Structure formats: C-alpha cells, structure tokens
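Below is one structure, written out as structure tokens; comments come after it.
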Amino acid sequence: MVKELGGAHWGLVPALLGVFWLLWHNSGGGGVEVWLVLWASLLASYDVASHRIPNQLTALTAIAGLAWVFLAKGIPGLGWAALGGLTGFGLMAVFFFLGAVGGGDVKALGALSTFLDPKGALFLFVLTTLAGGLLSVARLLWARQGLWLVGGLSGLRTLGDGLTLPYGLAIWGGAIALAILGGGP
C-alpha cells in the first residue's frame with residue numbers, strides 16, 4: 001500500500017491536513033495564521049512530491065505575504081514584513097551554508113516570514129528547526145538506520161544510504177505550531 005501512495009500522492013498529505021486544520025480553526029476571520037498555514041501547506045506539498053520547491057511558488061508566497069500585510073496594516077506594516085522575510089531568509093541561510101538544507105528551503109522560510117514581523121520570523125524559524133529535528137529522528141528510526149548522523153549537519157538532509165527529508169515538511173510543521181501557539185503579529 002505504501003508503494004501505491006508514492007510519488008506525487010505524498011505531496012497531498014500536508015496540503016490536506018492543512019485544509020482540515022484551516023476549516024477547523026478559521027471561524028470566518030482569515031487571520032495571518034490561516035494564510036501562513038495555507039502557503040506553508042502548498043510549499044510542503046511541492047517539496048514532498050518532488051523534493052524541490054519551485055522559485056515561482058516561493059516568489060508568489062512572498063508577494064502574497066507582503067500583500068496580506070499591506071491590506072491588514074498598511075504601508076507601515078510592509079517594512080516589518082520585509083524585515084520578517086529577511087530575518088527568516090537569513091536564519092535559514094546559515095543552515096544552507098552548513099549543508100543542512102537546500103536553497104528552496106531557505107527561500108520558502110523567507111517567503112513565509114513575509115507574513116510576520118522579525119520576532120514572528122524568529123519564532124517560525126525556531127519551531128521549524130524543532131520540527132525538522134523531530135522529523136529527522138522519525139525518518140532515521142523509520143528507516144532503522146539508528147540515530148548516528150555521519151557527515152555532520154549535512155546528514156540532516158541526506159540521512160545516509162540515500163534517505164532524504166523534504167525540509168518543506170518541517171517548515172510546514174513550524175507554521176502549524178506557530179499558528180497554534182499564536183506567534184504571529
């Protein structure tokens with residue numbers, strides 16, 4: 001049965017879970033948490049299905065974040081949203097240079113962070129790294145590889161013997177946790 005759900009079908013899992021969460025959580029307001037989870041679900045779905053996050057999707061996510069903030073808070077909010085995006089991008093870029101995540105993951109977190117201010121972006125980053133750690137341990141245990149990471153932080157992306165972890169799923173988990181904890185502006 002697992003083989004039948006391979007490929008692009010796995011990409012629907014975070015999107016469907018995100019939709020169910022949105023339907024349960026949204027009582028008609030459409031706050032930042034709803035939009036953050038929706039865009040994170042789209043990004044994660046692409047990453048799970050194809051192990052890449054398209055540049056067009058991250059650009060569209062960033063534009064949507066800036067537009068939402070502009071509509072909700074006006075021009076003064078745009079500056080904070082831009083700083084939030086740069087904060088998320090910069091924090092995740094450190095892990096890119098260490099070899100732990102791919103470039104699409106950096107752009108995805110930066111794009112999602114445009115929905116937030118710098119403090120919210122920092123909170124999203126911390127929750128994302130926690131979700132990534134949990135997912136890495138779960139992936140290693142599932143593959144029965146043990147808990148030893150060979151090759152330092154780059155082992156988080158390639159978990160030995162070709163095992164990979166689409167980090168967009170960790171970003172999605174961080175967005176869900178942020179929405180539940182109410183860490184948005």
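Below are the figures for this structure:
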| read-out | value |
| --- | --- |
| Condition check for ALA138: under 18 Å from GLY173 (Cα atoms) and modelled with pLDDT under 90 | yes |
| Residues satisfying the stated conditions in region 38-75, i.e. within 12 Å of the chain's Cα centre (by Cα), among the β-branched types (Val, Ile, Thr) and more than 14 Å from GLY103 (Cα to Cα) | VAL48, THR61 |
| GLY132 surrounded by 15 or more Cβ atoms within 10 Å (Cβ to Cβ), at pLDDT below 95, assigned to a helix (DSSP H, G or I) and under 11 Å from the mean Cα position of the chain (by Cα) | yes |
| Residue list for region 108-128, filter: assigned to a loop (DSSP other than H, G, I, E, B) and more than 14 Å from the chain's Cα centre (by Cα) | ASP117 |
| Residue count, region 93-107 (criterion: assigned to a loop (DSSP other than H, G, I, E, B) and either in contact with a strand residue (DSSP E or B) (Cβ under 8 Å, 6 or more places away or on another chain) or surrounded by 20 or more Cβ atoms within 10 Å (Cβ to Cβ) (or both)) | 3 |
| Test: residue in region 50-67 that is part of a helix (DSSP H, G or I), under 14 Å from LEU169 (Cα atoms) and modelled with pLDDT under 90 | yes |
| Pair list, Cβ under 8 Å, 6 or more apart: region 35-50 residue touching a residue at least 40 places away in the same chain (Cβ under 8 Å), other residue surrounded by fewer than 24 Cβ atoms within 10 Å (Cβ to Cβ) and not in a helix (DSSP H, G or I) | LEU36/GLY184; TYR46/ARG52; TYR46/PRO54 |
| Residue match in region 173-184 (condition: outside any helix (DSSP H, G or I), at pLDDT below 95 and within 20 Å of TYR46 (Cα to Cα)) | no |
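The values are calculated or read from the model by the stated rules, or taken from the named source; none is laboratory data. All of these numbers come straight from a predicted model, not from anything done at the bench. Positions of Cβ are backbone-derived with ideal geometry, glycine not excepted, and every protein chain shown enters the neighbour counts.
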